Structure formats: C-alpha cells, structure tokens
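The values are calculated or read from the model by the stated rules, or taken from the named source; none is laboratory data. Keep in mind that what you see is a predicted model, and the values were worked out from it rather than measured. As a convention, Cβ positions derive from the backbone with ideal geometry for all residues, glycine included, and neighbour counts pool all protein chains shown. In case anyone asks, the SASA skips ligands and DNA or RNA and just uses the protein heavy atoms, side chains included. Shrake-Rupley method; radii C 1.70, N 1.55, O 1.52, S 1.80 Å.
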Amino acid sequence: MTIRTGVYPGTFDPITLGHMDVIRRGATLVDRLIIGVTTNASKSPMFSTEERIAMVERETAGIAGVSVISFDSLLVDFAQSLGASMIIRGVRGVTDFEYEYQLTGMNRALNDRIETVFLMADVALQPIASKLVKEIAMYGGDIGKFVPPRVRDEVAARVEQLGRKGS
C-alpha cells in the first residue's frame, strides 16, 4: 500500500488559526502531512526557525499523521526528498491566488509529478496573516482571535523583549 504524503510549507511566524485550519483539513487528504517550516528571505522573522518548529509541533501534536521539519531548499526538491505527491497551499483570497498560481506553474515546470492543492481558509479565518498578527501585537493590540492561546503568550513575550511600538 502506498502512503500518500503531502507537504504544507510556510514560515509560520507565528502559526495562526488560519494555518491550523489548513493543517487539520489537509491532514485528511493524505496519510502523512509534513509541515515544512522555512524562512522567506523577504520576511524578517520574529521567531527563530527552532522556535517556530517547536510552536508548530506543539500546536499540531493532536493531529494524526502530522510531522514538522525545517527546510532550506526549493519546495519541489524538499517535497520530492520526502516522497510527497502533493503540496498543500492555503489561499485566503484573490491576491494569494495570483501569487500561488504563478508559484504552482513554476513548481510544475520543475517537477510535474507533484500536484499542488489549494485549500481556502475558513471564511472567518481568511483575513488572518502572520504579518498582520505581528503588527497588531507590536502596537499592543489583542491577537487572541487570530492565534492559539500559547502562541498569543509567546508573541506577547517577544514583543515585550523587542519593545512595543507606539509607546
């Protein structure tokens, strides 16, 4: 029997309720879902790779078939190295879709044996973006509606270390 493996890549800085929604739903599509934690050169992470991995592992601990690995390579190479047949991407709206559409075309040109599957975030979670969560937290706003409780506490502690803006 072949085990269907999927990869859900992202920076997860921090992991949000939108990410969790995609992870829970994505895990039902495959036997094994690998959460690939990476660093995007165009983003300045609030948390180190190790901290983000620990955060994602803790928050996904109760979801069967999910594991977390960091990577620093082309996504299709990472997916192929794991024997994945599917890349799962969360899409919030039209802007995400345009970017993901282009990325999917490039990934397909690099490796046409790996399919990309788009999952729309739950309607109530679509506005959530890690970048906005960090910005709200940096200005003292309540991010409890957007991230799991322990993540909220970790973001608040990091903001305290970094110094809140606007104060």
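Here the accessible area of the chain is 54 percent carbon and sulfur, with a 1.4 angstrom probe and all protein chains present. Using all pairs of distinct alpha-carbon atoms, the Kirkwood hydrodynamic radius of the chain works out to 16.4 angstrom. Placing R0 at 22 angstrom, the Cβ-Cβ distance between ASP112 and LEU29 gives a FRET efficiency of 0.65 after rounding to 0.05. Surface analysis of segment 65-167 yields an accessible area of 62 Å² per residue, using protein heavy atoms and a 1.4 Å probe.
Using Cα-only point scatterers and the Debye equation, what is log10 of I(q)/I(0) for segment 1-48 at each q in 0.27, 0.29, 0.31 Å⁻¹, rounded to two decimals? Summing over Cα pairs of segment 1-48 leads to -1.00, -1.08, -1.15. Sequence-ordered 3J(HN,Hα) estimates for segment 38-45 from the Karplus curve with 6.51, -1.76 and 1.60 and θ = phi - 60° stand at 10, 10, 8, 4, 8, 10, 9, x Hz, glycine and proline given as x. Between SER81 and ALA156, the simple label model (points 7 Å from Cα in the Cβ direction) yields a spacing of 3.8 nm. Annotation: amide H-H contacts under 5 Å for THR116 (H modelled 1.01 Å from N, sequence separation of 5 or more, or interchain): ILE87.
Over the chain, dividing the summed -39,500 (n - 2.57) contributions of all DSSP H runs of at least 4 residues by the number of residues returns a 222 nm mean residue ellipticity of -13000 deg cm²/dmol. Cross-link partners of LYS43 among aspartates and glutamates, defined as those whose alpha carbon lies under 15 angstrom from its own and excluding same-chain residues fewer than eight positions apart: ASP13, ASP72, GLU135.
Global size of segment 75-124: 11.5, 35 Å for Rg and Dmax (C-alpha atoms, Rg to one decimal, Dmax whole). Placing a label point 7 Å from the Cα of ILE63 along the Cα-to-Cβ line, the residues of segment 120-136 whose backbone N sits under 16 Å from it are 120-123, 125-126, 128-130. One decimal place: the segment ALA41-PHE97 gains 18.1 nm when fully extended, by the rule 0.36 nm per residue minus the C-alpha distance.
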